[in-house]
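A quick write-up on the structure given underneath.
The values are calculated or read from the model by the stated rules, or taken from the named source; none is laboratory data. Note that this is a predicted model, so its numbers are computed, not measured. Cβ placement follows ideal geometry from the backbone for every residue including glycine, while neighbour counts extend to all protein chains displayed. Ligands, DNA and RNA are excluded from the accessible area calculation, which covers all protein heavy atoms including side chains. Shrake-Rupley method; radii C 1.70, N 1.55, O 1.52, S 1.80 Å.
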Amino acid sequence: MATEDVKKKVKKEKKVPSPKDLSIDPATQELLERSRELEVETIFDRAQTMKACNIGAQGTCCKMCAQGPCRLPLPKGGIEGEDTRKGLCGATPETIAARNFARMVASGAASHSDHGRAVAETFLAAARGEIEDYEIKDTVKLVEIAPDFGVETTVEGENGEVLDRDIKEIAIEVGEKALAQWGQQSGEICTIKRAPQPRYELWKKLGVIPRGIDREVVEIMHRTHMGVDQDYENLVMQCTRAALADGWGGSMIATDLQDVLFGCPYPLRSSANLGVLKEDHVNIIIHGHEPLLSEMIVAAAQLPEMQELAKEKGAAGIQLGGICCTANEILIRHGVPLAGNYLQQELAIVTGAVEAMVVDVQCIMENVANVADCFHTKIITTNPRAKIASGNVIHIEFDEHTAFEDAKRIVKTAIENFPNREKEVVIPDESSQLIAGFSYEAINYHLGGTFRGSYTPLNDNIINGRIRGIGGVVGCNNARSMHDSAHITIIKELIKHDVIVLTTGCSAIACGKAGLLTPESAAVFCGPGLAEVCETVGIPPVLHMGSCVDNSRILMAATEVVKTGGLGNDISDLPAAGSAPEWMSEKAISIGQYFVASGVYVVFGGSLPVDGAPVFKDYLFKELEKMYGGMWDVEEDPIKHAQKMIAHIDKKRKELGIDKARERVLFDMAARREMEAA
Ligand code: MSK
């Protein structure tokens, strides 16, 4: 049932919706039922009892100074004639909505980038040999990325010969250059030049190349202070600079350095959903975003001494499961199963089987502490930037200098909690097999073959029409819409029409649970062209590329497609579109803006907080396309959402002159089926 239908049903029947109306995921439905029986309140309940603020949802509530908040909702029936709405200082709805939008970009860019900074600091300390628990693991990727940071990988020998430079020296210099990107005050962040040349030139012309990561975020906060920037177009220009500093800067550097520290992901098998928890095991949920901690927990949990301790306490072993993007990080590098996505964090505890939920930063609901109070589960915060003010939450601070020891303490705390289970354990019998870990390097390898990786086969199949185009579907869950429903409906519609999907974040977890991350799913859900490609190459039609910072992998994949040739000169020429069907976090707004500025048509589900400022909305939805070739759109209905993406892809195919090729391929396929049937 579509979200609107559920809302109507709740209104009409004035009764609590059934779990089947709230999530398409059977494990979630089962545990929602249980949470109600046990009277444990979750976000699903609060979403029914608390309405969203209509003025905030329109983006036209200004609380930038103490003379307000000034509230400027659109009058019922819209505006006739001149729009005379103003805040006390005279701020127009456009200024207010643009400032609010800009602050969301700033927060999103700051979150991804602060994550990246922590990784860069650890990377540099590891390269210098100042910490013992991390090492430079993927030296191939290190040498590949070094030139982008302006670091030489060779030296001249005594006789003029070219020699490989010492890996440690390269790593230290890359670490120093990477870290410097945050505090840089002028010039350009170094990774921006990875974009296709015409895109880079366009950004230069428009004056939106980020100077330094922190600088662009701080400047948004200044410009949106009362009485500073009062021109929505100028505000959007700064949003773009900060968003690009995120996607092509902080996030991209985080992905790069994580790959070098922990290994570049390549496809591996695992499973997804709460059924991965085991009744007779110590279950540890790792939740949050930064892999610095979770990598250590994975290693600590494998120690024989920990396995022994678990047995001493009566458990058969230790089971790790991830939630949110930490889940994706440890999945793509270690195959640790996904326990669930954002809206399942409280429900994991409701199983009664979780000894500890270990959290770091981002997307952690404060209410996990209240839910844990009803069970034996210990919530363990680990990051000085993210504590929870609840008497029962334990804080075990994680320090990269004592990383492994800290991780061992955390795992031990969980194991010792195993005998304290108080309630019956109910683990839904739901988990699906999956393949994940499609870094852009892995796509290169998989499609191009063992000896020489290449995107050429992907481009060829797009040009010949077997693959209609590329859809990037990413982002969160949102308790205002049916859990996972929009993600799965949109993605099924895309692959049915031969659009290959790249996915990250909680969308990727939804796909894993729904069985879309297996090569076998291609025969069931795809159009004939995409099914044929997936079968030939042995890949799923939906490629799991990692966590939210790994959206930078999608930017790199798009760049590689452009550079490979035959599909235009820039990302905006590609038959591609982006989507965040169930977005909720400010990070999604930053991601949306950097994809738009990179030339991508981006459709969000639900709504964007811009409806109260029609001129500003128009600017984002229409004018940006004239400047960047990409623009924002919103579509709540998942089928129409997917169809809008497909229409854009078809428009780009036509502009490239490859629309006819597709018709021919479809004919060929039909003819072949006829031949096979004969
Ligand atoms: S975790 S940002 S709910 S994708 Fe990256 Fe999921 Fe959105 Fe958090």
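Couple of notes before you dig in:
- Per-region count, region 281-334, residues assigned to a helix (DSSP H, G or I), open to solvent by 10 Å² or more (accessible area, probe 1.4 Å) and in contact with an Asp or Glu (Cβ under 7 Å, 6 or more places away or on another chain): 2
- Extreme residue, surrounded by the fewest Cβ atoms within 10 Å (Cβ to Cβ), among residues of region 454-483 that are modelled with pLDDT of 95 or more and of a type in the set (Val, Ile, Thr): 463
- Region 385-401 - residue that is in contact with a helix residue (DSSP H, G or I) (Cβ under 9 Å, 6 or more places away or on another chain) and not in a loop (DSSP other than H, G, I, E, B) and, of those, nearest to residue 297 (Cα to Cα): 400
- Residue 89 farther than 16 Å from residue 233 by Cα and either surrounded by fewer than 17 Cβ atoms within 10 Å (Cβ to Cβ) or in the same structural domain as residue 240 (by TED's automatic domain parsing) (or both): yes
- Candidates in region 265-280 are the residues that are of a type in the set (D, E, K, R) and assigned to a loop (DSSP other than H, G, I, E, B); of these, the one that is nearest to residue 337 (Cα to Cα) is 278.
- Residue 471 meets all of the listed conditions (1) within 16 Å of the ligand (Cβ to nearest atom); (2) assigned to a strand (DSSP E or B); (3) not basic (Lys, Arg) but one, namely (1).
- Residue 133 fulfils the conditions (1) under 17 Å from residue 252 (Cβ atoms); (2) buried (at least 18 other Cβ atoms within 10 Å of the Cβ) except for a single criterion, (1).
- Among the conditions (1) in a helix (DSSP H, G or I); (2) within 16 Å of the ligand (Cβ to nearest atom), residue 502 misses just one, which is (1).
- Matching residues in region 3-35 - criterion: being open to solvent by 60 Å² or more (accessible area, probe 1.4 Å), at pLDDT below 95 and not in a helix (DSSP H, G or I): 14, 15, 16
- Failed condition for residue 550, given (1) out of contact with any Lys or Arg (no Cβ under 9 Å at 6 or more places or on another chain); (2) among the charged types (D, E, K, R); (3) open to solvent by 20 Å² or more (accessible area, probe 1.4 Å): (3)
- Residue within region 335-356 that is open to solvent by 10 Å² or more (accessible area, probe 1.4 Å), among the aliphatic types (A, V, I, L, M) and away from the ligand (no atom under 12 Å from the Cβ) present: yes
- Test result for residue 151, in a helix (DSSP H, G or I) and β-branched (Val, Ile, Thr): no
- Matching entry among 510, 523, 531 (being open to solvent by less than 10 Å² (accessible area, probe 1.4 Å) and in a helix (DSSP H, G or I)): 510
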